[in-house]
Amino acid sequence: MTPEELAGLLPTAEVLRSWTTVDGAREWAGLSEAVLGEFLSLLGNRTLSNLPLAGAVDPVTVRRTILAVRLPVSADGAVVEGTGEPAGPIPPPRILTALEKTQLGLFYNAVRAKFGLPPVDVVSEQDLTSPVANPTSERPEVGVPTLPLNPLHKIKLSTVLDQVSDAEVQMLSPEVILDKRSNYRIITGGDPLEQCNFTDAQLSALSQRVAGGGVPYADFAVWGPFGSRIEKRMKFRSSFLDTGGEWKSIEVPGPSSFGVWEECWSVFEAACIADGIATQATLAMYAAEFKSRVRDYGAGCWQLCVEADVIARSEQFVHERARQLAAHRAKPEGSSYDPDRPWESVIRAVALDRGFWDRQLEKPALRRELQGAPRVPAFQAEGEWENPSKREAPPAKGPPGKKRKGGRQGQEGAAA
């Protein structure tokens, strides 16, 4: 069946918007809980309710899983549900009927349609050479379905996305990655610039984390341009006041300047656009607001700026989403929160949250200045946005001890 033919069978946008868990899609497809439970069990989570995660499973895996599903049956042929044991001998488990396979295919494509992914035929294009094609065979061993071997099949988040995470995620399939890159081109009109482009591993790590309910946060100590070419973690020098009242410098993991941060953000922004996490305008607004605050507090407060940004993206995003979700459930009318794209309004709100930035950046920066820390223009190296009113007067030219013409000393010299 062609994608166009499949699209005609899928629910309307209004129906799709009403779904918040997989149960909505299951009921629409007329799929029984027993069939869906066995299907999800083979995927790794029998009680999965996360819609984005269900739609993110690659079609090859779905095709093989549909073939691998086996339903236990009672002596009279009915599917066994619950924990009760059937009387009499237990027949071997059966394969899915044609209608059950079709229902699973509709369920999967309806979930994909909710997130703007194109329909794919996961029923009629199955690998009939699979050993699970035998209707009387036993339930397949653990490991079915399998994917083609791939050296990047598993990704360690600590090396790609978040250095403090010990989790691993599965690389997205080539099909899904191509879909997401195509999504970026449709939105922006072209491919990312080379220095803004994301790797497949970066996109997979971010997409899988968000699809699993995680926050869209990338640690710029390990995330950046040219992805896997970065072999050394970025570091910057930070100053602190020791117990003796002297300023000391230490190396801290993270982008060494705003210019480096901006390069990392450009890659993060491109990946978020491709994955549909947020719009280009919202992501650009966050970067502009952060740049404005860096300009206000200067390069001497770069450590404070980095720490505030990390807290904003890793913690405040989570708190703001919970607040917006509660408000949306209490009063959906007029709410800017979109359950299908929850991070859009969250990123905007945090970027403009003056109270948060005052607590995390402005007050610490003022305390640092009161302690005698030197104030250095944030963009002095680039020669941009330097405030003329805060420039120090240039030193007098000429050899030491030579009196300048004019002024009191000049007049005294002339009188002599």
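Can you name the residue in region 206-226 that is more than 22 Å from GLU194 (Cβ to Cβ) and outside any loop (DSSP other than H, G, I, E, B) and, of all such residues, is modelled with the lowest pLDDT?
Checked region 206-226; the qualifying residue modelled with the lowest pLDDT is ALA211.
With respect to VAL62, determine if the residue is over 28 Å from the mean Cα position of the chain (by Cα), at pLDDT below 90 and outside the structural domain of ILE177 (by TED's automatic domain parsing).
Details: over 28 Å from the mean Cα position of the chain (by Cα): no; at pLDDT below 90: yes; outside the structural domain of ILE177 (by TED's automatic domain parsing): yes.
No, not satisfied.
It is to be established whether one or more residues within region 388-399 are modelled with pLDDT of 85 or more and either closer than 25 Å to ALA287 by Cβ or not in a helix (DSSP H, G or I) (or both). Talk me through it step by step, then tell me what you get.
Keep residues of region 388-399 that are modelled with pLDDT of 85 or more, which gives none.
Looking for residues that are modelled with pLDDT of 85 or more and either closer than 25 Å to ALA287 by Cβ or not in a helix (DSSP H, G or I) (or both), one finds none in region 388-399, hence no.
For VAL164, are the conditions met, namely being at pLDDT 75 or above, among the β-branched types (Val, Ile, Thr) and in contact with a Lys or Arg (Cβ under 6 Å, 6 or more places away or on another chain)? I'd like the intermediate steps shown before the answer.
Details: at pLDDT 75 or above: yes; among the β-branched types (Val, Ile, Thr): yes; in contact with a Lys or Arg (Cβ under 6 Å, 6 or more places away or on another chain): no.
Criteria not met by VAL164.
Restricting to region 175-199, name every residue that is touching a residue at least 60 places away in the same chain (Cβ under 8 Å) and of a type in the set (Val, Ile, Thr).
VAL176, ILE187, THR188 - these are the residues of region 175-199 that are touching a residue at least 60 places away in the same chain (Cβ under 8 Å) and of a type in the set (Val, Ile, Thr).
Answer yes or no as to whether VAL176 is at pLDDT below 85, of a type outside the set (Phe, Trp, Tyr), over 24 Å from GLY254 (Cβ atoms) and not in a loop (DSSP other than H, G, I, E, B). Give the derivation first.
Details: at pLDDT below 85: no; of a type outside the set (Phe, Trp, Tyr): yes; over 24 Å from GLY254 (Cβ atoms): yes; not in a loop (DSSP other than H, G, I, E, B): yes.
Here the answer is no, as VAL176 does not meet what is asked.
Search region 134-160 for residues being out of contact with any strand residue (DSSP E or B) (no Cβ under 8 Å at 6 or more places or on another chain) and at pLDDT 85 or above, and hand back the single one that is surrounded by the most Cβ atoms within 10 Å (Cβ to Cβ). Even if it seems obvious, please write down each step before you answer.
Keep residues of region 134-160 that are out of contact with any strand residue (DSSP E or B) (no Cβ under 8 Å at 6 or more places or on another chain), which gives 134, 136-152, 158-160.
With the extra rule that they be at pLDDT 85 or above, the set shrinks to 158-160.
On the way: SER158: 15, THR159: 16, VAL160: 23.
Ranking the qualifying residues of region 134-160, first place goes to VAL160.
Determine whether GLU269 is under 21 Å from the mean Cα position of the chain (by Cα), modelled with pLDDT of 95 or more, among the acidic types (Asp, Glu) and closer than 23 Å to LYS180 by Cβ. Full working, then the answer.
Values: under 21 Å from the mean Cα position of the chain (by Cα): yes; modelled with pLDDT of 95 or more: yes; among the acidic types (Asp, Glu): yes; closer than 23 Å to LYS180 by Cβ: yes.
Criteria met by GLU269.
Taking SER256 as the residue in question, decide whether it is over 16 Å from CYS196 (Cβ atoms), in the same structural domain as GLY189 (by TED's automatic domain parsing), out of contact with any strand residue (DSSP E or B) (no Cβ under 6 Å at 6 or more places or on another chain) and modelled with pLDDT under 95.
Details: over 16 Å from CYS196 (Cβ atoms): yes; in the same structural domain as GLY189 (by TED's automatic domain parsing): yes; out of contact with any strand residue (DSSP E or B) (no Cβ under 6 Å at 6 or more places or on another chain): no; modelled with pLDDT under 95: yes.
Against the criterion (over 16 Å from CYS196 (Cβ atoms), in the same structural domain as GLY189 (by TED's automatic domain parsing), out of contact with any strand residue (DSSP E or B) (no Cβ under 6 Å at 6 or more places or on another chain) and modelled with pLDDT under 95), SER256 does not qualify.
Given the criterion among the β-branched types (Val, Ile, Thr) and either out of contact with any Cys (no Cβ under 8 Å at 6 or more places or on another chain) or over 13 Å from TRP357 (Cβ atoms) (or both), identify the matching residue among VAL310, VAL294.
Values: VAL294 fails: either out of contact with any Cys (no Cβ under 8 Å at 6 or more places or on another chain) or over 13 Å from TRP357 (Cβ atoms) (or both).
None of the other options fit; the residue is VAL310.
Of everything in region 1-60, what is outside any loop (DSSP other than H, G, I, E, B), without any contact (Cβ under 8 Å) to a residue 40 or more places away in the chain and closer than 27 Å to PRO342 by Cα? Give them in sequence order.
Those that are outside any loop (DSSP other than H, G, I, E, B), without any contact (Cβ under 8 Å) to a residue 40 or more places away in the chain and closer than 27 Å to PRO342 by Cα: ALA13, GLU14, VAL15, ASP23, GLY24, GLU27, LEU40, LEU43.
I'd like to check which helices (runs of 4 or more DSSP H) are fully inside region 281-366 and have at least 1 residues that are free of Cβ contacts under 8 Å to residues at least 24 places away in the same chain.
Working: elements: 302-311, 317-330, 342-351, 354-357.
The helices (runs of 4 or more DSSP H) meeting that bar are 317-330, 342-351, 354-357.
The values are calculated or read from the model by the stated rules, or taken from the named source; none is laboratory data. Owing to the predicted nature of the structure, the values given are computational and were not obtained by experimental measurement. Don't worry about glycine lacking a Cβ; one is built from the backbone with ideal geometry, like all the others, and counts go over all protein chains shown.
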